[in-house]
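The values are calculated or read from the model by the stated rules, or taken from the named source; none is laboratory data. The structure displayed is predicted, hence computed values, not measured ones. Every residue, glycine as well, gets a Cβ built from its backbone with ideal geometry; the counts of neighbours run over all protein chains shown. Protein only, heavy atoms only, side chains kept; ligands, DNA and RNA dropped before computing areas. Shrake-Rupley method; radii C 1.70, N 1.55, O 1.52, S 1.80 Å.
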Amino acid sequence: MPALETVGKTDSAPYQAGAIGDWFIDRTTTLLPFCNYFNEIGIYSMRSYTLSRQVAKEQIAIARAHPAAATRPVAPYAGPCPPK
């Protein structure tokens, strides 16, 4: 039975990018793939093993700049805009 376990998640410092000045963070997530074995009656087997870690990076918008108004947060971020 394959499974992916999250073993780490880190966020970078906020930074401004784009033509209109939106704010972003870079999130790095580390996953550990497991291959779990169970015997015929459903008991966990010691033959289970893990594979190499997988690292995924994504850019997440935390605040959008609006030409006619102040910068507004993007859900689920609820912090100040622009970030401090």
For this session: Using the Karplus curve 6.51 cos²θ - 1.76 cosθ + 1.60 with θ = phi - 60°, work out ³J(HN,Hα) for each residue of region 54-61 in order, rounded to whole Hz, and write x for Gly and Pro.
Result: 10, 10, 10, 10, 9, 9, 10, 6
Exercise. For the chain, what relative contact order do you get, as a whole percent, if you take Cα pairs closer than 8 Å and at least 6 residues apart?
Worked result: 27
Problem set entry | Heavy-atom SASA rank of Asp26, Asp11 (probe 1.4 Å, accessible area, largest first) | Asp11, Asp26
For this session: Would you mind calculating the relative contact order of region 8-56 from Cα pairs under 8 angstrom and at least 6 residues apart, reporting the percent as a whole number?
Result: 32
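As an exercise, identify the chymotrypsin sites (Phe, Trp or Tyr not before Pro) in region 1-46 lying in DSSP coil whose Cβ has no more than 16 other Cβ atoms within 10 Å.
Values: sites: Tyr15, Trp23, Phe24, Phe34, Tyr37, Phe38, Tyr44; in loops: Tyr37.
Loop-located and lightly packed - Tyr37.
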Problem set entry | Theoretical gain in end-to-end length, Lys57 to Thr29 [0.36 nm per residue, Cα-Cα removed] | 9.4 nm
